[in-house]
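Heads up, the thing below is written out as structure tokens.
Read-outs throughout are calculated quantities, based only on the coordinates presented, and are distinct from any laboratory measurement. Model, not experiment: these values are computed from the prediction. Glycine gets a Cβ as well: all are built from the backbone with ideal geometry, and neighbour counts include every protein chain shown.
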Amino acid sequence: MPAPIRLRELIRTIRTARTQAEEREMIQKECAAIRSSFREEDNTYRCRNVAKLLYMHMLGYPAHFGQLECLKLIASQKFTDKRIGYLGAMLLLDERQDVHLLMTNCIKNDLNHSTQYVQGLALCTLGCMGSSEMCRDLAGEVEKLLKTSNSYLRKKAALCAVHVIRKVPELMEMFLPATKNLLSEKNHGVLHTSVVLLTEMCERSPDMLSHFRKLVPQLVRILKNLIMSGYSPEHDVSGISDPFLQVRILRLLRILGKGDDDSSEAMNDILAQVATNTETSKNVGNAILYETVLTIMDIKSESGLRVLAINILGRFLLNNDKNIRYVALTSLLKTVQTDHNAVQRHRSTIVDCLKDLDVSIKRRAMELSFALVNGNNIRGMMKELLYFLDSCDPDFKADCASGIFLAAEKYAPSKRWHIDTIMRVLTTAGSYVRDDSVPNLIQLITNSVEMHAYTVQRLYKALLDDISQQPLVQVASWCIGEYGDLLVSGQCEEEEPIQVSEDEVLDVLEGLLVSNLSTPVTRGYSLTAIMKLSTRFSSLNRIKKVVSIYGSSIDVELQQRAVEYNALFKKYDHMRPALLERMPIMEKTIFSGDGIFTVCLWSVFPVLQANDLLDLLGGNDVVPIIQTTVPTKPASAGGELLDLLGDLSLTVIPPMTAYNKNGLIIEFTFERSNPNPNIAVITIHATNSTEADMTEFVFQAAVPKVCSFPSCILINLLFMSWCIGT
Amino acid sequence: MQFMLLFSRQGKLRLQKWYVPLSDKEKKKITRELVQTVLARKPKMCSFLEWRDLKIVYKRYASLYFCCAIEDQDNELITLEIIHRYVELLDKYFGSVCELDIIFNFEKAYFILDEFLLGGEAQETSKKNVLKAIEQADLLQEVRALATA
């Protein structure tokens, strides 16, 4: 029988395949040959066959039938076999397959082999893919090897121990004795892996951390030797002695010094030395400086050292190497909270990075810019950020827009500036702003009373240009609905008032209704806006016509609104002016802790006098009249204030105690109105049973969507809650 | 380090070393997506990118991309040095290494990697020592093979 072809031969053959199909055919043929060879238990060529299998596996073909063969190779006494066998195990087996446990015994034997290279193979495999069970079984052997004087094995055992600890953290204790004199080794390989092991142990256990703090002086000494020692060809990288070891020591020092004054004190000098003496012309020097900066910022370093660190980052920002700039931005982002002023000094460089071509750098620069915005630099920063918003990738626009809104809200120097900024965002990135920005903006506009005319004019002009960006269109429609009278009468003070007639305004709003670009939500906004204008404009007939047309719209939401507005025209015309009057100023309540932003609205029912609502103290009765044309949804948690208007079914509703706490009792009674049985009358009794007065009693009513009052459109979009002020 | 991938500019995998347990399917998926992402990067872009919850460090040497996935607390710049050290080792071993060397001697590339890194961390920081160990192990292969023939 001819010998199986050699590995290199196979590779050469497969590479001559011109198509995927041809390659697959060759592979299948060879796999068949290999399979029969395996079946015949051929010892001589097993190694060669498994090697070929591994090559085919890398090309993406299945190779699971070779798993057991790898185990047989590992058990062989030939070094070549073991080498390929262990490689195969690492590539084809993983801890999910039960087969891998069969390796445990072989590895145990090989860990005790007479040849260090065999031991090395075993340690490597265990440290790379050993499962928890394997680690448990073999931890003792690893611990033994950790104490050997053979540095070749000791360094591997240290990293193998790291893996064991990661897999089975409870075993960490057993490695403690062996760590006693790890750092006194001269061999850099052992030193490096020991520091990694110590780092792992300190990260996982606070007890270990306190135990190893005493190593700080030793670590400092080793680091010092590395820096001060002369040229050592074996460990030199571009003039720096063993940068890998330096970086790992700095990282361990970071962990040991964090939160501990004495340790931080002990490492202060060496950190300053590394920070000032490290050569920065090549990447390797900067890698060490980077780690040093991270350490300085994390431990309890003195302020001089911290400033030094930030300045290093500042220099990094000016480096030609993109990687260095990226790393600087990342680090600055971490430190901007704690060392705000120091980072501010580099603001202009950071802002320049917004113009970088690299996406990752731009994102970092954007995040950092937002963190640096404050009352002093808001105007300048916003100019840069708006320019960035204009030109950045679509992925950034949503985040950037949100950031701009937040910053504007916090630091706006004037209301006009604030509204201008918002307008700019809506016009440049209008389709990317988040959904909750629409109600936020509406609330902001409502509260800027003196800017109403200016705002509606600007929004109107923006609509004339572009109706594709839905958030912009929605805010604009709402504004026109509210302040259309100001628009038509040309009352704008801030800029030249435009001449626009009622018909032109209605044209624009109707245009939104029919446009394909408008979403259903937008259509709802514009219909309501048109309706509101019925009390502000004189073109009543036109508005009535539009409203009645949409009474047969396919869109259910639109249809319902149109029908109700129609009803308002026909049957409740006397209520129309009051219902559609200007929205009052809204209070914004921010609940801290979970950061939920709740807007509580005053006087949802303008029909009611505000005074009546407030005068609930002392048990006055108030009778709000609520129209329901549609049965509402059933009540949720009984006794809660939310969803009070649920379950207003057409049968009798028993009275309920809505609130009974701290001496305040609120009861609701329900009855049908006599002339119109479709109206439910809710009577609210509030009594104060304590001796003291209750002041600042706030009563607010919230209407669920199903009630759909025209002036409650805004409530539909916001999270509703009751607010009992105390 | 969680894994290291070597692939050509056409997206063909030349070496894959995984230090975290994942199924074959997951490995294939990650490889495919990451290779696509890295190959889409323009030459002037920086060597780091965020991908899923990992930091990816990659560098191109001639026709091969060396790509590592590291964890949050790992130092990106030193990872570039790790990659460079591995390339130097390959170069010394093969004598002016090129992609074909790695294709035809992939098992040797793995052996060298396994003498340099263990469990995702560097086990030996001296270039000389790594190459010496490989040399000795290679000799062992020859000797043993002759003894049993």
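The table below lists the values:
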{"read-out": "Sequence ranges A:656-662, B:38-44, B:57-63, ranked by mean other-Cβ count within 10 angstrom, highest first", "value": "B:57-63, A:656-662, B:38-44"}
{"read-out": "Cα shape, the stretch A:195-345, gyration tensor, a/c 1.5 rule", "value": "oblate"}
{"read-out": "Helix B:106-116 axis, angle to chain B major axis (alpha carbon atoms, nearest 10°)", "value": "90 degrees"}
{"read-out": "DSSP-assigned coil residues among trypsin sites (Lys or Arg not before Pro) in the stretch A:376-434, each with at most 15 further Cβ atoms within 10 Å", "value": "A:Arg434"}
{"read-out": "Distance (nanometres) between label positions extended 7 Å along Cα→Cβ at B:Ala40 and A:Thr338", "value": "3.6 nm"}
{"read-out": "Positive-end residue of A:Val547, A:Ile227, A:Ile324, charge dipole of the protein assembly as shown with Cβ unit charges", "value": "A:Ile227"}
{"read-out": "Farthest toward positive dipole pole in the protein assembly as shown [+1 Lys/Arg, -1 Asp/Glu at C-beta], among A:Leu10, A:Ser391, B:Val35", "value": "A:Leu10"}
{"read-out": "Computed [θ] at 222 nm, deg cm²/dmol, the protein assembly as shown (DSSP H ≥ 4; -39,500 (n - 2.57); rounded to nearest 500)", "value": "-17500 deg cm²/dmol"}
{"read-out": "Entries of A:Lys532/A:Lys571; A:Lys322/B:Lys59; A:Lys334/B:Lys59; B:Lys92/B:Lys128 with Cα pairs more than 19 Å apart", "value": "A:Lys334/B:Lys59"}
{"read-out": "Peptide-level mean, for A:152-163, of C-beta atoms on other protein chains within 10 Å", "value": "4"}
{"read-out": "Peptide A:551-561 - average C-beta neighbours from other chains (10 Å radius)", "value": "0"}
{"read-out": "Hull shadow area, averaged, chain A [alpha-carbon convex hull, nm²]", "value": "47.3 nm²"}
{"read-out": "Per-pair calculated FRET efficiency, R0 = 35 Å: A:Asn109 and A:Asn225 via Cβ, rounded to 0.05", "value": "0.30"}
{"read-out": "Cα-based helix-to-principal-axis angle, B:76-94 vs chain B, degrees rounded to 10", "value": "30 degrees"}
{"read-out": "Approximate spin-label separation A:Gln273-A:Leu464, in nm, with each point projected 7 Å along Cα-to-Cβ", "value": "7.3 nm"}
{"read-out": "By average C-beta atoms within 10 angstrom, highest first, the peptides A:341-352, A:360-371, A:82-93", "value": "A:82-93, A:360-371, A:341-352"}
{"read-out": "FRET efficiency for A:Asn311 and B:Val87, using Cβ-Cβ distance with R0 set to 41 Å, rounded to 0.05", "value": "0.80"}
{"read-out": "Cα-based helix-to-principal-axis angle, B:24-39 vs chain B, degrees rounded to 10", "value": "70 degrees"}
{"read-out": "Whole-Å distance, taken between Cα centres, linking the stretch A:232-297 and the stretch B:39-75", "value": "24 Å"}
{"read-out": "Test item: B:124-132 mean partner chain Cβ contacts at 10 Å", "value": "6"}
{"read-out": "Per-peptide average of other Cβ atoms within 10 Å, ordering B:25-34, A:161-170 highest first", "value": "A:161-170, B:25-34"}
{"read-out": "Distance in nm between pseudo-label sites at A:Thr13 and A:Leu68 (7 Å out along the Cβ direction from Cα)", "value": "2.5 nm"}
{"read-out": "Efficiency of FRET between B:Leu100 and A:Asn447 - r from beta-carbon atoms, R0 56 angstrom, step 0.05", "value": "0.20"}
{"read-out": "For A:Phe65, net neighbour charge (Lys/Arg +1, Asp/Glu -1) across residues whose Cβ lies under 12 Å away", "value": "+1"}
{"read-out": "Residues of the stretch A:508-525 with amide N under 17 Å of the 7 Å Cα→Cβ point at A:Asp435", "value": "A:519-525"}
{"read-out": "Difference of contour (0.36 nm per residue) and Cα-Cα distance, A:Asn150 to A:Lys383", "value": "77.5 nm"}
{"read-out": "Charge context of A:Pro217, other residues only, Cβ under 13 angstrom, K/R +1, D/E -1", "value": "+1"}
